[in-house]
Amino acid sequence: MDVPSELIQRLKSAGHVVVFTGAGVSAESGIPTFRDRQTGLWTNFDAQSLATPEAFERDPALVWGWYEWRRCRVLASEPNAAHRAIAALAGRVRRLTLITQNVDDLHERAGSPEVLHLHGRICQPYCSACGREHAVARPQLPEPDDERRLEPPRCVHCGGRIRPGVVWFGECLPRRPWEQAVEAARGCDAFLCIGTSSVVEPAAGLTRAAIVARAATIQVNIDATCLDELVTLNLRGPAATMLPRLVAEVWPEA
């Protein structure tokens, strides 16, 4: 891996490392991104058109059914080498803040205990009326002739519809995790941006905040992004391949 020696020294001496992950990390565990062509029953649906409050209001059974399908994919997936490398890194640096745009729990299952979820958690639905969290069992997906619809459960407290625990297009990010993420990006010594296209705002601004703060910034991605010319180093390739190699080279196990 071609990491300049000066950058390796900056990374090794970093007191605070931030890791910011996007859909590309979970995609390597088999979880489709919003930009992927949908599969199976959902081939003819535009993912982004289902991820709005208006879509849930208009056809709650369709939206709930789609998110139950996605939740089932998450539960059937396993953390990959990138998730595990991040968990290992937390034990090798003085301080690590993990921020993710992903709604799955693969970071936690890989061993990362504290994760700032900017876009919510698909396995933590809540009431659309009173906001209370709702425990749901492993999803039972409809058969192909069920028209892909599942009626959302009702809240035991107020009777409102239970909605997916994710941040939809047009909704604000959760305030406290976002504030913590911004503070971390502005105050870190090293910032790793992994598997994100860096186009979804406001989360995409975190890498720019770290750049402005003169942190050492490394971008790990399969494709080029708008930040290629701004970060300290680009590592082109799959996160599950590149990140373990980076961690092993810069932060070898004691």
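FYI, it's all coordinate maths here, none of it is from the lab. Every value quoted in this text rests on a predicted model; they were computed, and no experiment measured them. We place every Cβ from the backbone using ideal geometry, glycine too, and count neighbours over all the protein chains shown.
Pairs of Cα atoms under 8 Å, at least six residues apart: use those to get the relative contact order of the chain, whole percent.
Contact order relative to length: 25 percent.
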| said: Just to confirm the number: angle between the C-alpha axis of helix 239-250 and the first principal axis of the chain, 0 to 90 degrees, nearest 10? | reply: 30
| request: Note down the magnitude of the dipole of the chain about its Cα centre, charges +1 on Lys and Arg C-beta and -1 on Asp and Glu C-beta and zero elsewhere, to the nearest 20 debye. | output: 620
| query | In the chain, what is the volume of the convex hull around the alpha carbon atoms, normalised per residue and reported in Å³? | reply | 125
| Given the rule -39500 (n - 2.57) for each run of at least 4 DSSP H residues, summed and divided by the residues of the chain, what is its mean residue ellipticity at 222 nm, to the nearest 500 deg cm²/dmol? | -9500 deg cm²/dmol
| query | Residue by residue through the range 162-175, which ³J(HN,Hα) values in whole Hz follow from phi under the Karplus form 6.51 cos²θ - 1.76 cosθ + 1.60 (θ = phi - 60°), with glycine and proline marked x? | reply | 7, 10, x, x, 10, 8, 8, 4, x, 9, 7, 5, x, 4
| note | Diffing the range 18-33: the Karplus 3J(HN,Hα) column from phi (6.51, -1.76, 1.60, θ = phi - 60°), in whole Hz with x for Gly and Pro, holds 10, 10, 10, 10, x, 4, x, 6, 6, 4, 6, 9, x, 8, x, 8
| field | C-alpha center-to-center spacing [the range 181-195, the range 99-132] in angstrom | value | 19
| task | Pop a pseudo-label 7 angstrom from the Cα along the beta-carbon direction at both Cys226 and Ala129 and give the gap in nm to one decimal. | result | 4.1
